[in-house]
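Shown next, in structure tokens, is the structure this report addresses.
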Amino acid sequence: MSQHDGFLSLKNLQKQFGDVKAVNNISVDIDKGELISFIGPSGCGKTTLLRIIGGFQEHDSGSITLDNEKIDHLSPENRSTGMVFQNYALFPHMTVYQNIEYGLKIQKLQKSERKKRIEEVLSQVQLEGYGDRKPSELSGGQQQRVAIARCLVLHPKVLLLDEPLSNLDAKLRMTMREEIRRLKEELDLTIIFVTHDQEEALSISDRMIVLNDGNIQQLDKPDLVYTKPQNEFVANFVGQANIITGSVNTSDGSTYFHAGEITFNVQDADPSEDAMAVIRPEQIALNTDGPIRGEITKIVYNGSFTRYFVKIDEFEVMVDTVNTAYSLRYQKGDRVGIEFPDTPHFIKKSKKEPEKLSV
Amino acid sequence: MDTEISSPRQRGHPWFINLKKFWSEPGFAILTVILAVFILLFIVSPVFAVLLKSFGMGTGALTMDYYSEFFSTSFYLKSLLNSISAALISTGIVTFLSIAVSLYVTRSQSFVAKSYRGAALLPLVAPPFIFSLSLIILFGRNGIITQWLDGMFGLEFSIYGFWGVVISQVLGYFPIGYMLVESALRNMNPSLEHASGDLGANQWKTLGKITIPLAKSGIIKASLLVFVMALADFSNPLIIGGGKPFLASEAYLLVVGQQNMEQAAVLGVFLIIPSLIIFIFQTYFLKDTNTEMISGESGAANAPLTKSVKAVVVGISTLFTAFIILLFAMVVLGAFVKIIGINNTFTLEHFSNRNGWDSLYTSVIVSFISAILAAGIGILQGYLFARKTIPGKKVLEFLTLFGLAVPGTVMGIGYILIFNGPPLFLTGTVLLIVLNMTFRKIGVGLEASISKMHQIDTSMEEASNDLGGGPYKTFGKIIVPLLNPAFIAGFVYTFMTAMVSISSVIFLIAPGTNLAAVYILNLAEQAKIGMASAMSFILIVIVISCMGILKWIEKRTGVRI
């Protein structure tokens, strides 16, 4: 992690609630201008971690520095962090303008200066002319923008977003993702983004941290998290995965992956007796005459692609095929050939049983 | 809650940590301590004083003499029996009527149903003995209907006595029961009834198997509250009881007539025991019934009532509300004619009553101040209790709400015992009346603001913190405006009840400073029906206009009341 400048730096953060380690020895260096997302199932510690950074929760040990200043023991109002709450927490008895003005008034800024800054931030979030509305008169997306503007106007060094899009409908979620990216680029914002939606995290982040049981499972760029998950948890939580346990053997100069009736060529793999291959459903292809045969047991139509569940021996694998005008359609009960990729991603078998996902 | 805004890291015994946390915001801590002292002084100590007095405290050694006097005097025993049986009977009738009227009002959108609701709530704005007054006009010894019956059939009849008290209680306490039952029926998810109908049950069956069982906790709450109020009823027995002994009125007569504080205290203890039991039952055993389960967000409307159900509930509602309106009309008529039923010429002479107007003026001022205080203290306390770490919070909350449950008579006697000498010699002052009215009612503002606080997400305060507002700024700029509805709820309730309250303050008024409700009671006791009607009429008009002004403010400012 040395290549990161540690504009916001978390070192060995610990937080325990009773017997539960909500945050377990977490260290991360975050760059200025970076958007990093915390993702994980409920109870993984992502919100606790965010609240610790914002100063709403005291950590048990460890330290936080922001822009070379230790901020551990500062109260929320004295940290230059800005929190956007999941439910926005807009003050319902104040107008949009008054909501945004609130923090500026506390800083005792001149009225003309306040007006200038509020107008500026309203235009940044594209809400010019909405100043006189009450929060209840705004749509969900607009409320979201006000909540962001209320933080931005104070020029925070880090913007903390707690599941900001979870109250919006699917279409609006997409738009707001773009919007947050745009603001980030334009204003060079450093943003921490908490979400439980893996697709959201993949599409919005510069880097993402996958958390489970208070531990970092993986910290990487989105494409690496998806293509090279470090363990079974990450493989299953981010995207869908076929995880097949088998062995990797070398014979006649070629390397094979072998599990029951499944045998296929692989490149660049070390021989191993218990190898776990992570194969994404879209990496597998179906054909009519391949050597590995299976029977289609279930078909789920998804619009742009179709997911087939194919039973091979004791394994059941998911296969996604893009629905083009020419792609073949199979029926339930069809016997088909299955073509595995020759570059599957291998993960180490975890020592303990993977926890049941609670998403 | 793990969302509490955390304060610096702490070590040590949890109790010590709590105490440290408590003092971390000294302003709020000091307010809490002051509040606690006031609650102990103005709610708890009077009750203890009555308890101790009943054992003869202050006149030598503690003794059971006054209790043995109670149990060996059939007059006192009868007062206990009368109070309990009247309260039981009126509670039963009120509960039954509440269900019927609520069913009609909640299951019908018609204008008629809405006006029934208005009529049903009318008794709230009148002194608690208003129905005694009009029942006497109609059925008293010289009542309009009594005279007519006598003339037509030679029937000798009069309403005075046990049943007169029961009827007055039913009418007077109906709104309390009705409001609770109505909200229980209204908050129920209509799809449950639809489902029952869909599964083949007719509406009677649905009522018996689904609706009423689901509203059970609301209905039980309503009946308990009505029972407590009817048991503590003071003015109806005095006016229409015809000399029959009841606990509260007898305690009053013992204090005023014989200065027998000890015996009065014993009667007070018998008033307070059932109230205390019911209060504890309600606080600790009834609250668990899950209302979340039965409330739904479904936008569906209730199914309209079927013919047979409708016939029954509309019949009952119509008869009952018509009776209420008839009785109110009697009071209005009585105010504007010379002697109602005997000399029905129009007159305004009952209104030219200097003392009456003075007492009305005093009542408005005193009630207004008490209402502001009660509502203000209530919301402050609600905020502190909902958000702050306060050692002994549960106990303080219990005691505050207990203030609502203590019968007025007991509170009145307790206040005389405590404040009739040093260190706080307040008897006869208006201040004491204000304190009495305020602290008996702060529980309403407290409950309203606690429930409002639960609706305000803590993130609202965290956001304010994050934007730079410290705890006091957050309280003033964010919490207080958001608690406005709770403030107004507390204000309205305290003002209305203070305007017509009587059982407690009757002990505290000094010669010269009369309150309207007490003054009207005196008039009624002296059979000055015309004047009593006129004063009641003005009192009702004042209370209704105040409500109207509030509604107007609500419309103007958009603050929901």
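Looking at this structure, is A:Leu160 more than 12 Å from the chain's Cα centre (by Cα) and either surrounded by fewer than 18 Cβ atoms within 10 Å (Cβ to Cβ) or not assigned by TED's automatic domain parsing to the domain that holds A:Thr95 (or both)? So A:Leu160 does not fit the description; no. Of the residues in the range A:29-41, at least one is more than 15 Å from the chain's Cα centre (by Cα) and assigned to a strand (DSSP E or B).
Checked against the criterion of being among the acidic types (Asp, Glu), buried (at least 17 other Cβ atoms within 10 Å of the Cβ) and either touching a residue at least 12 places away in the same chain (Cβ under 8 Å) or not in a strand (DSSP E or B) (or both), the range A:182-194 has no qualifying residue. Within 14 Å of chain B (Cβ to nearest Cβ) and either surrounded by fewer than 16 Cβ atoms within 10 Å (Cβ to Cβ) or over 25 Å from A:Gly43 (Cα atoms) (or both), is that true of A:Leu154? When the stated conditions are applied, A:Leu154 passes them.
Yes/no matrix, rows are residues, columns are (1) at pLDDT 85 or above; (2) closer than 23 Å to B:Met531 by Cα; (3) β-branched (Val, Ile, Thr):
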site: B:Ser102; (1), (2), (3): yes, no, no
site: B:Gln109; (1), (2), (3): no, no, no
site: B:Lys114; (1), (2), (3): no, no, no
site: B:Pro128; (1), (2), (3): no, yes, no
site: B:Ser134; (1), (2), (3): yes, yes, no
site: B:Gly140; (1), (2), (3): no, yes, no
site: B:Gly143; (1), (2), (3): no, yes, no
site: B:Thr146; (1), (2), (3): no, yes, yes
site: B:Gly151; (1), (2), (3): no, no, no
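Checked against the criterion of being surrounded by fewer than 17 Cβ atoms within 10 Å (Cβ to Cβ), touching a Lys or Arg at 6+ places or on another chain (Cβ under 7 Å) and more than 11 Å from every other protein chain (Cβ to nearest Cβ), the candidates A:Ser112, A:Ser123, A:Ser63, A:Ser139 yield just one match: A:Ser63.
Among the residues examined, A:Thr48 does not qualify as under 14 Å from A:Leu159 (Cβ atoms), under 30 Å from the mean Cα position of the chain (by Cα), facing chain B (nearest Cβ under 9 Å) and of a type in the set (Ser, Thr, Tyr).
Inside the range A:286-309, can you point out the residues that are within 29 Å of the chain's Cα centre (by Cα) and not in a loop (DSSP other than H, G, I, E, B)?
To start, the set of residues in the range A:286-309 that are within 29 Å of the chain's Cα centre (by Cα) comprises A:299-309.
Of everything in the range A:286-309, those that are within 29 Å of the chain's Cα centre (by Cα) and not in a loop (DSSP other than H, G, I, E, B) turn out to be A:Ile299, A:Val300, A:Tyr301, A:Phe305, A:Thr306, A:Arg307, A:Tyr308, A:Phe309.
Restricting to the range A:18-47, name every residue that is free of Cβ contacts under 8 Å to residues at least 24 places away in the same chain and either surrounded by 15 or more Cβ atoms within 10 Å (Cβ to Cβ) or more than 26 Å from A:Glu232 (Cα to Cα) (or both). Residue satisfying the conditions is A:Gly18 alone.
For B:Met152, the stated conditions hold: it is in a helix (DSSP H, G or I) and on the phi < 0 side of the Ramachandran plot.
If the requirement is being closer than 21 Å to A:Val153 by Cα and either charged (D, E, K, R) or in the same structural domain as A:Pro135 (by TED's automatic domain parsing) (or both), which of these qualifies: A:Ile39, A:Ile64, A:Ile26, A:Ile53? Full working, then the answer.
Working: A:Ile39 fails: closer than 21 Å to A:Val153 by Cα; A:Ile64 fails: closer than 21 Å to A:Val153 by Cα; A:Ile26 fails: closer than 21 Å to A:Val153 by Cα.
Exactly one of A:Ile39, A:Ile64, A:Ile26, A:Ile53 is closer than 21 Å to A:Val153 by Cα and either charged (D, E, K, R) or in the same structural domain as A:Pro135 (by TED's automatic domain parsing) (or both), namely A:Ile53.
Can you find a residue that is under 22 Å from A:Asp223 (Cα atoms), aromatic (Phe, Trp, Tyr) and crowded, with 16+ Cβ neighbours inside 10 Å anywhere in the range A:339-350? Looking through the range A:339-350, at least one residue is under 22 Å from A:Asp223 (Cα atoms), aromatic (Phe, Trp, Tyr) and crowded, with 16+ Cβ neighbours inside 10 Å.
Of the helices (runs of 4 or more DSSP H) contained entirely in the range B:377-485, those carrying at least 1 residues that are among the charged types (D, E, K, R) and assigned by TED's automatic domain parsing to the domain that holds B:Val33 fall at B:393-405, B:430-455, B:458-466, B:471-474. Selection of the range B:307-344 for residues being more than 25 Å from the chain's Cα centre (by Cα) and aromatic (Phe, Trp, Tyr) yields only B:Phe336.
Can you name the helices (runs of 4 or more DSSP H) wholly within the range B:155-212 that have at least 1 residues being β-branched (Val, Ile, Thr)? Reasoning before the result, please.
Details: elements: B:162-186, B:190-198, B:203-206.
Output list reads B:162-186, B:203-206.
Exactly one residue out of A:Leu90, A:Leu104, A:Leu10 is touching a strand residue (DSSP E or B) at 6+ places or on another chain (Cβ under 6 Å) and in contact (Cβ under 8 Å) with a residue 40 or more places away in the chain: that is A:Leu10. Out of all the residues in the range B:382-400, is one or more within 27 Å of B:Thr458 (Cα to Cα), crowded, with 20+ Cβ neighbours inside 10 Å and aromatic (Phe, Trp, Tyr)? Yes, the conditions are met somewhere in the range B:382-400.
Pick from A:Asp213, A:Asp169: which is among the acidic types (Asp, Glu), at negative phi and assigned by TED's automatic domain parsing to the domain that holds A:Gln126? Write out each step before concluding.
Numbers: A:Asp213 fails: at negative phi.
Every option except A:Asp169 fails the conditions.
Within the range B:321-376, the residues that satisfy the criterion of being assigned to a loop (DSSP other than H, G, I, E, B) and among the hydroxyl-bearing types (Ser, Thr, Tyr) are B:Thr347, B:Ser352. Being part of a helix (DSSP H, G or I), surrounded by 18 or more Cβ atoms within 10 Å (Cβ to Cβ) and at pLDDT 90 or above is true of B:Leu267. Which one is surrounded by the fewest Cβ atoms within 10 Å (Cβ to Cβ) among residues in the range A:72-100 that are more than 10 Å from chain B (Cβ to nearest Cβ) and in contact with a Leu (Cβ under 9 Å, 6 or more places away or on another chain)? Selected residue: A:Ser80. Taking the range A:164-181 as the range and being crowded, with 20+ Cβ neighbours inside 10 Å and within 14 Å of chain B (Cβ to nearest Cβ) as the test, only A:Pro164 passes. Across the range B:465-498, which residue is surrounded by the most Cβ atoms within 10 Å (Cβ to Cβ) among those that are more than 13 Å from chain A (Cβ to nearest Cβ) and polar (S, T, N, Q)? Out of the qualifying residues, it is B:Thr494.
Does B:Ile39 qualify as being closer than 30 Å to B:Leu305 by Cα and in contact with a helix residue (DSSP H, G or I) (Cβ under 7 Å, 6 or more places away or on another chain)? Spelling it out, it is not the case that B:Ile39 is closer than 30 Å to B:Leu305 by Cα and in contact with a helix residue (DSSP H, G or I) (Cβ under 7 Å, 6 or more places away or on another chain).
The values are calculated or read from the model by the stated rules, or taken from the named source; none is laboratory data. These figures come from a predicted structure and were not determined experimentally. Virtual Cβ from ideal backbone geometry, glycine too; neighbours counted across all protein chains shown.
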